[in-house]
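Trainee: For reference, the structure I am asking about is given below.
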Number of protein chains: 4
Amino acid sequence: MTEPRFDFASDNTAGACPEALQALVEHNAGFTSGYGTDHVTRKAADAVRALLDADADVRFLASGTAANSVACSTLVRPFEAMLAHQHAHIRTDETGAPGYFGQGLGSIGLPGASGKIEPAALEAALAQTDVSYHQSAAALSITNVTEYGTVYSVEEVRRLTSLAKAKGYPVHLDGARLANAVAAGFDVKALKSLDIDMLVIGGTKAGAPLSEALVLFNKGLSRRFDARLKQAGQLPSKGRFIASPWIGLLADGAWTRHAAHANAMAKTLAGKLPFPIVHPVEANGVFVEMDEPTLQRLHGAGLFVFRFVDGSVRFMCSWATTDAAVEEAAALANSIV
Amino acid sequence: MTEPRFDFASDNTAGACPEALQALVEHNAGFTSGYGTDHVTRKAADAVRALLDADADVRFLASGTAANSVACSTLVRPFEAMLAHQHAHIRTDETGAPGYFGQGLGSIGLPGASGKIEPAALEAALAQTDVSYHQSAAALSITNVTEYGTVYSVEEVRRLTSLAKAKGYPVHLDGARLANAVAAGFDVKALKSLDIDMLVIGGTKAGAPLSEALVLFNKGLSRRFDARLKQAGQLPSKGRFIASPWIGLLADGAWTRHAAHANAMAKTLAGKLPFPIVHPVEANGVFVEMDEPTLQRLHGAGLFVFRFVDGSVRFMCSWATTDAAVEEAAALANSIV
Amino acid sequence: MTEPRFDFASDNTAGACPEALQALVEHNAGFTSGYGTDHVTRKAADAVRALLDADADVRFLASGTAANSVACSTLVRPFEAMLAHQHAHIRTDETGAPGYFGQGLGSIGLPGASGKIEPAALEAALAQTDVSYHQSAAALSITNVTEYGTVYSVEEVRRLTSLAKAKGYPVHLDGARLANAVAAGFDVKALKSLDIDMLVIGGTKAGAPLSEALVLFNKGLSRRFDARLKQAGQLPSKGRFIASPWIGLLADGAWTRHAAHANAMAKTLAGKLPFPIVHPVEANGVFVEMDEPTLQRLHGAGLFVFRFVDGSVRFMCSWATTDAAVEEAAALANSIV
Amino acid sequence: MTEPRFDFASDNTAGACPEALQALVEHNAGFTSGYGTDHVTRKAADAVRALLDADADVRFLASGTAANSVACSTLVRPFEAMLAHQHAHIRTDETGAPGYFGQGLGSIGLPGASGKIEPAALEAALAQTDVSYHQSAAALSITNVTEYGTVYSVEEVRRLTSLAKAKGYPVHLDGARLANAVAAGFDVKALKSLDIDMLVIGGTKAGAPLSEALVLFNKGLSRRFDARLKQAGQLPSKGRFIASPWIGLLADGAWTRHAAHANAMAKTLAGKLPFPIVHPVEANGVFVEMDEPTLQRLHGAGLFVFRFVDGSVRFMCSWATTDAAVEEAAALANSIV
């Protein structure tokens, strides 16, 4: 067997991009106050606000699981449920973290092609009558880029959030791959107008060592938020190290530029793989149909890619994916079919 | 007012030490598998095992609050309590994080001079009869270096753990400043013989960007531990970034060397401060008696130090504390008394 | 519209049966110690042990939701999951209570006709490899009588529990309607041999005012169980009032006798209803196919019965169901089809 | 040793009073809808509203621990704390139940003589600055009758609630022995004017089999409250059995009448006991100074009374205490001193 390669297994198998790493190193000098009260964190938060063109509260967390789970537990009480796509990450791949952070808060899965919530399904769920023996819907979670690599348009997001808002329910947007959505044409500055209460912007998959930005467009939710984070183990003393990478990522557009590169690599790869493509390739993931023996042969050949909840197999590209790697992966795939 | 200085406010106000930062940068290259399954994490875990001379399971977490809280919730059920010094960090400064991670698990505070649990008090607590309306003791937590800068000897720890073990209770050791204890003479390789089930070794305060090592001497507790961490938001995808600093810290003894420096700086500072010293200066903290107007004058002069639970005011030194800074802080303190 | 009638809506719409109520009144006299330490509770627990012919620990709780949720949270940690039929009560109708009591513990739904877990599906679930991002199976929950009114035989239960035990997983049996299973031929004294760790025996649906017996066949789980119950709000001071009804129910077989009556009423009703029967009528419930307009006409005529998760409509009989009521309900149903 | 007697051990060692038990029996007939939606529950809730002369939402729970813990978890988030007297039941005798129901929510103990919160201490606590590493105050809990048998006047309660309200914090009143306070002169109809958000009225200690009324003066908190209760195992299907006793207790003043009797018995007992009285005897408890050998002799003689957190020993009277019992207890106490 050849050396195993993880570069298409996920977009979190790459290291940090140069811009993020350099900013981390540059902001290492000197002493700062702790727990997110420092000037590096302020500067990074300003950069996020500038990206969004919005006067929002911003925090940085070391984990996407935690960022989304803190959001869920802020918006939904234990006896209520989060509405989300049935295959949303918070429902399928977080070891039940939202329910741990939120003491058993529930979720209601909504159908929809290629990871996008079907508006009619959302409407139907919102129309359900409360009963005491069910966890009723209390908030909406949208993922963009979706779990299957597709990208909601601004109008598509607005349609969903307006349905939730008509019922008075708050909205969470899981943007673990928001950079890829933006690179695909989603207007990042439109987010502030979309009635989103809490937004998680992915830094890790975009090239940070490990950091997610948690944005509170709804500042009414910010009260004692640092205590909330501290209690959840998400307010590290040396907060500058999860903030500073954002300064590098956002200084000259690396965040979007790298995402555009990852998206382009995915498109190229999709054109070369010998498998049927099962979801539109709109961002940095390629989802294909592949039977189990073929997948095992790929693994045997050292190329790790994974089967997803809907049965498709995912190839991911990242800021670090090279043309050569795409060629090699495609060649290897073609050699084992 | 002069520029505020935080260098004596805590030992987490410094950046990362060169060894840790360099290791982080060096291990940035290439792709790895995620969620702590990577070779960098393995190498760092090996280094921790070598430090301890023990075949233990090792995990890395981005937060000390989380590391201690995960440990508490592993050892104590919600209707039970952790025995700890009454001023232990887990009881006083974590926003109730152990109770959040462990759904209301309790703690029982034990007295003892300068942060060390009085063995007789532990014995008395262990002799309490279970009653259904109290959270009974189920585990013991020891902090070394203590909250007040003193250092338990190996024999002192053994005495406490043997009392707990005689009742069949597991033991947690909070070693946020274990490096400073080791630099003060505590034999790190004796830990494996002290009946400690879970150990947290501080990396952050020792010079890492942000990382704590969670050591499971008791491997019976390791089952599904990664799932436990994932659910708690403590299994970051790019795990190498909280593991690699340990490679640098432990490669040639930087972890202990820097701690010895911090300890020495504290001793020097203690000799120059114009305040009564209220706890033995055995590690990197100096605790002094200071009235409130004096503290306010210090803050006004830009030197941030904080009052603790017992009323004393703490000056902390770190790997980054310089002789010049000690001179300046001492001069400033002398100028305002 | 006629006066609404709830007597077929559930088996918990009836009052208490005479035997239970009389025992409650009889044991009201005098003073007792509190919190389940009293002689009435001991006597009731003895009666349950005699019923089971087993030396088990027994507690009484005022709520079935709580009894099952306490069991789940005793057997499964937050980052693990309970295996259960996909339509099991603990998954569908408890407002997420197991997750609340167990801080987000998960469940894995298993298929199977008419509420019985398909053994092959259980085997497949047990064969799943642990991954850190999923809540892996840690225990099995079986419901007898099932959610759809069918009754597992002793051998069917044994087959499921032996599969779980082969993996070392504990077993919970939700016996909210165990009396009806026993009346249908299930040997209650066989339970002790079935490798069940925790058993909930329904009192409420069997004729108690409100009480469930929680049986710990596995006494290793009993440590500090009263503290567990107290913390969960399930150790009432005047415990005798949830214990004494069991003395009446079990003194001369009322518990089984009433259940046999309810089962017989269901069989009679099934023979008279003008709807297709969709599940075997083996206990006290009749599940029929009925379109929505017909159900609305039934409700309009004052007869409340409910649609279940699988789409069928349920008629329930209880200890208090009379021949006359069965006639009336059948006549009414026939009049509106 | 004589037969142990528990009649002075607590006011929950008595059975149900005749009025409560008769109402329970009377409302047993017929079928009702479940989960607190029935006409018996409505009638009982109306009776509670009439008692309070207030249009509040009312629920009935089987457990006082649960009623207070549900209230705490409604008013305080996990990273916040409840202000309460340092010896309040919710802090000292509930096995940490508020923290279990509220995922680690904290409490801040306030001093004050004989169980009454010292207003100056409350003011000082309310003036504390929020810091991220502490659970900051978010609500106030008052107990009347207090833990030490004293009774707040309406004006004393108002002073405390107005301090909390000035900070925007909600208020919980634990009225486990509210009947005894009312019998001692506290105007029950004044409660509605005291800015109390959630009130727990004790039924169990007042003569119910087991039931507490949870009153939501602040209806803004009622949204999905039945789901909250269901999830917490506090919405029993046969809700009538915890509601009906209130119909009997409140129909002709039994609730207050029995409490007045218990208060009178306590006054009589206090005059006969050979021990120094350490708290004013204003309700149904007598707290005395007693050394440990004497207490052991009392226990040895079969009279069970318990030592409290402040070191005093408590004798409780209830609706069922007789003159003869008071004479016997006093004689026994005098015989062993």
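Trainee: Between chains C and B there is a rotation axis; tell me the chain C residue with the nearest beta carbon and how many whole Å away it sits.
Mentor: Residue plus distance in Å, as requested: C:Gln103, 2.
Trainee: What are the ³J(HN,Hα) values, in whole Hz, obtained from phi via the Karplus relation 6.51 cos²θ - 1.76 cosθ + 1.60 with θ = phi - 60°, for each residue of region B:304-316 in sequence order, with x given for Gly and Pro?
Mentor: 8, 9, 10, 7, 9, 4, 8, x, 7, 10, 10, 10, 10
Trainee: Enter the Cα centre distance for the pair region D:293-329 and region A:107-124, rounded to the nearest angstrom.
Mentor: 64 Å
Trainee: Another question about this same structure. In terms of modelled amide H atoms, which long-range or inter-chain residues lie less than 5 Å from the amide H of D:Leu303?
Mentor: D:Arg5
Trainee: Could you check what % of the DSSP bridge pairs in the protein assembly as shown are antiparallel, to the nearest 5?
Mentor: On the way: 68 of 140 bridges.
Taking every DSSP beta bridge with both residues in the protein assembly as shown, the antiparallel ones total about 50 percent.
Trainee: Restricting to Cα pairs below 8 Å that are 6+ residues apart, what does the relative contact order work out to for chain A? Please round to a whole percent. Let's see the in-between values first.
Mentor: Working: 700 pairs, mean separation 87.2, N = 337.
Once normalised by length, the contact order is 26 percent.
Trainee: On to the next question. How many percent of all Cα-Cα pairs in region D:1-160 sit more than 24 Å apart? Write out the running numbers ahead of the final one.
Mentor: Numbers: 6471 of 12720 pairs.
For region D:1-160, the share of Cα pairs beyond 24 Å comes to 51 percent.
Trainee: Along the charge dipole of region C:1-104, Cβ charges K/R +1 and D/E -1, which of C:Leu24, C:Pro78, C:Gly34 sits furthest on the positive end?
Mentor: The listed residue farthest towards the positive side: C:Pro78.
Trainee: For a quick check, take a GNM of chain D with Cα springs below 10 Å and name the residue from D:Gly175, D:Gly15, D:Gly271 with the largest mean-square fluctuation.
Mentor: D:Gly271
Trainee: Can you list, shortest first and in nm, the gaps between the label point of C:Ala251 and those of its counterparts in the other copies, using a point 7 Å from Cα in the C-beta direction?
Mentor: 2.5, 8.2, 8.5
Trainee: Here is a follow-up. How large is ³J(HN,Hα) for each residue in region A:109-114, as worked out from phi by the Karplus curve 6.51 cos²θ - 1.76 cosθ + 1.60 (θ = phi - 60°), to whole Hz, x for Gly and Pro?
Mentor: Result, ordered by residue: x, 10, x, x, 5, 6 Hz.
Trainee: On to the next question. Please give the Cα centre distance for region D:125-182 versus region B:258-276, rounded to the nearest Å.
Mentor: Each part reduced to its Cα centre gives a spacing of 46 Å.
Trainee: Under 5 Å between amide hydrogens, which residues at least 5 positions from A:Ser136 or on another chain qualify, with H placed 1.01 Å from N in the peptide plane?
Mentor: A:Ala81
Trainee: Using alpha carbon centroids, what distance separates region B:188-208 and region C:1-45, in Å?
Mentor: 55 Å
Trainee: Can you tell which of C:Leu295, C:Ile277, C:Ala254 lies farthest toward the positive end of the dipole of region C:248-304, using +1 and -1 charges on the Cβ of basic and acidic side chains (Lys, Arg; Asp, Glu)?
Mentor: C:Ala254
Trainee: Thinking of the protein assembly as shown as a set of Cα atoms, what percent of all their pairs are more than 50 Å apart?
Mentor: Values: 296323 of 907878 pairs.
For the protein assembly as shown, the share of Cα pairs beyond 50 Å comes to 33 percent.
Trainee: Once you charge only the Cβ atoms, +1 for Lys and Arg and -1 for Asp and Glu, what is the size of the charge dipole of the protein assembly as shown about its Cα centre, to the nearest 20 debye?
Mentor: Working: 116 positive and 136 negative charges, 0 e Å.
The calculation lands at about 0 debye.
Trainee: With chain C treated as a Gaussian network of Cα nodes joined by springs under 10 Å, which of C:His261, C:His172, C:His299 yields the largest mean-square fluctuation?
Mentor: Taking springs between Cα atoms under 10 Å, the residue moving most is C:His299.
Trainee: When each pair of different Cα atoms in chain D is counted once in the 1/r mean, what is the Kirkwood radius in angstroms, to one decimal?
Mentor: Result for chain D stands at 20.4 Å.
Trainee: Taking only DSSP H segments of four or more residues, each worth -39500 (n - 2.57), what value at 222 nm results for chain A once the sum is divided by all its residues, to the nearest 500 deg cm²/dmol? Don't skip to the answer; put the middle values down first.
Mentor: Values: 13 runs with 132 residues, N = 337.
Calculated mean residue ellipticity at 222 nm is -11500 deg cm²/dmol.
Trainee: Relative to the other copies, what are the label-point distances for D:Glu118, with labels 7 Å from Cα along the C-beta vector, expressed in nm at one decimal and sorted shortest first?
Mentor: In ascending order, 2.4, 6.6, 6.9 nm.
Trainee: Given a 10 angstrom Cα cut-off, can you work out which residue in D:Ser132, D:Ser237, D:Ser69 is the most mobile in a GNM of chain D?
Mentor: In this elastic network of chain D, the residue with the biggest mean-square fluctuation among D:Ser132, D:Ser237, D:Ser69 is D:Ser132.
Trainee: Counting only other chains, and only Cβ atoms inside 10 Å, what mean value do you get across the residues of D:26-33?
Mentor: Values: counts 0, 1, 9, 3, 7, 16, 7, 7.
Mean shielding by partner chains, rounded to a whole number: 6.
Trainee: Hey, another quick one. Got the D:Ser335 label distances to the other copies yet, label 7 Å along Cα→Cβ, in nm, shortest first?
Mentor: 7.1, 8.0, 9.8
Every number in this text was worked out from the coordinates using simple rules, so none of it is lab data. Since the structure is predicted, the reported quantities are computational estimates derived from the model, not experimental observations. Neighbour counts are summed over all protein chains in view; Cβ atoms, including those assigned to glycine, are modelled from backbone coordinates with ideal geometry.
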